[in-house]
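Coordinate-derived values only; no laboratory data. Given the structure is predicted, the values throughout are model-derived calculations rather than measurements. Backbone-built Cβ (ideal geometry, glycine too); neighbour counts: all protein chains shown.
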Amino acid sequence: MTYKAKTFDLPALSGLSEKQIKVHLGLYEGYVKHANLIMEKIQSLKEADAEGNAYLVSELRRRFAFEFDGMRMHEYYFEQFEGGTAAMNQDSPFAGAVAEKYGDQGLVAHIKEVAGSRGIGWVVVYSDPRAATLHTVFVNDHELGQLAGLPILLALDLWEHAFMVDYVPAEKKDYIDAFFANLNWSVVEKRFDEAIRMSAA
Ligand SMILES: [Fe+2]
C-alpha cells in the first residue's frame, strides 16, 4: 500500500498567511512521500540482499517513525482548522475532562506553558481513556515522546517551519495565539468523544 496526501478544506486563517500554509502543506506532502519511500526502500533492500543490507534496513525501520509521524501529525494539525474557528463547548464531555485535569489554569494556558519547552516538536494533548484523564506533553521532532496507544486530541506544531513565513522565532507566542484564534475546538471534542467510544467498544 501507499499513503496519499490528504487535502484539507481550509478557510482563510487569521494571523497565518496563505503562503505560510502553502509552504507548510508542501512539507506535509514531503512526509507522505518519504513515509512511502522508506517502505519501498526496506522492501527493495531486503529483496536485493537481506543479509548484506541488514544494517541499512534496521536504520530505515528506526527512521520510519519520523516520516510516518511527520505525516500523521500534520493531518491532525491541519484538520483542526477545517470548518472555521469554534470555541470550546463548555457543556461537552471534553470540557468536563479539561476542567477536572487543568482546573483554574485551563488547557490553553497549560498548552502555552508546555509550548515554552526548548527545541523543535509538538505540544500534543492526548486522551487516556483507561485512566479517564488527559495528558499534555512535548514531543520532540515528530515521534520522540509520543505516548503509546493514546488517541491524539490536539496537535500544535512548534517547528519553526510552521510559522517562520509569518513570524520570526522571537514571535513564537504570536504564532501560538494565531493557532488558537483559528482552532476549531469541535474537532478536538469529536476526537475526545471518539476516543471514549473506542475504549468502550
Ligand atoms: Fe509542521
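If amide H atoms are built 1.01 Å from N in the plane of the peptide, which residues on other chains or at least 5 residues away come under 5 Å of the amide H of residue 134?
128
Please state, to two decimals, what the Cα-based radius of gyration of the stretch 36-165 comes to when divided by 2.2 N^0.38 Å (N = residues).
Values: Rg = 18.4 Å, N = 130, 2.2 N^0.38 = 14.0 Å.
Computed over Cα atoms of the stretch 36-165, the ratio equals 1.31.
Highest mean first, how do 182-194, 56-68 rank when packing is the count of other Cβ atoms within 10 Å averaged over residues? Provide the component values of the computation, followed by the final result.
Working: 182-194: 18.7, 56-68: 15.2.
So the peptides 182-194, 56-68, ranked by packing, come out 182-194, 56-68.
Report ³J(HN,Hα) in whole Hz for each residue of the stretch 193-201, in order, from the Karplus equation J = 6.51 cos²θ - 1.76 cosθ + 1.60 where θ = phi - 60°; Gly and Pro get x.
4, 5, 4, 5, 4, 5, 6, 7, 6
How large is ³J(HN,Hα) for each residue in the stretch 61-73, as worked out from phi by the Karplus curve 6.51 cos²θ - 1.76 cosθ + 1.60 (θ = phi - 60°), to whole Hz, x for Gly and Pro?
My calculation for the stretch 61-73 gives 5, 4, 6, 4, 4, 4, 6, 5, 5, x, 5, 5, 5 Hz in order.
For residue 144 and residue 200 in the same chain, what is the full-extension length gain: residue separation times 0.36 nm, less their Cα-Cα distance, in nm? Present the calculation step by step, with values, prior to reporting the outcome.
On the way: separation 56, 0.36 × 56 = 20.16 nm, distance 2.82 nm.
Result for the pair: 17.3 nm of gain on full extension.
With unit charges on the beta carbon (Lys/Arg positive, Asp/Glu negative), name the residue among 95, 120, 12 whose Cα is farthest towards the positive pole of the charge dipole of the stretch 5-124.
120
Let's see if you can work this out: charge +1 on each Lys and Arg Cβ, -1 on each Asp and Glu Cβ, no other charges. What is the dipole magnitude of the stretch 1-155 about its Cα centre, in debye to the nearest 20? Don't skip to the end; give the middle numbers.
Details: 15 positive and 20 negative charges, 43 e Å.
Rounded to the nearest 20 debye, it is 200 debye.
Once you have the Cα-Cα distance between residue 173 and residue 101, take 0.36 nm times their residue separation minus that, and quote the gain in nm to one decimal. All intermediate terms of the calculation are to be shown ahead of the outcome.
Working: separation 72, 0.36 × 72 = 25.92 nm, distance 2.35 nm.
Length gained between residue 173 and residue 101: 23.6 nm.
Using θ = phi - 60° and the Karplus form 6.51 cos²θ - 1.76 cosθ + 1.60, what ³J(HN,Hα) does each residue of the stretch 139-144 get, whole Hz, x for Gly and Pro?
Result, ordered by residue: 9, 6, 6, 10, 10, 8 Hz.
Between their Cα atoms, which of 19/41; 6/41; 101/190; 4/41; 4/112 are more than 25 Å away from each other?
On the way: 19/41 33 Å; 6/41 23 Å; 101/190 18 Å; 4/41 17 Å; 4/112 32 Å.
Distance filter (> 25 Å) returns 19/41; 4/112.
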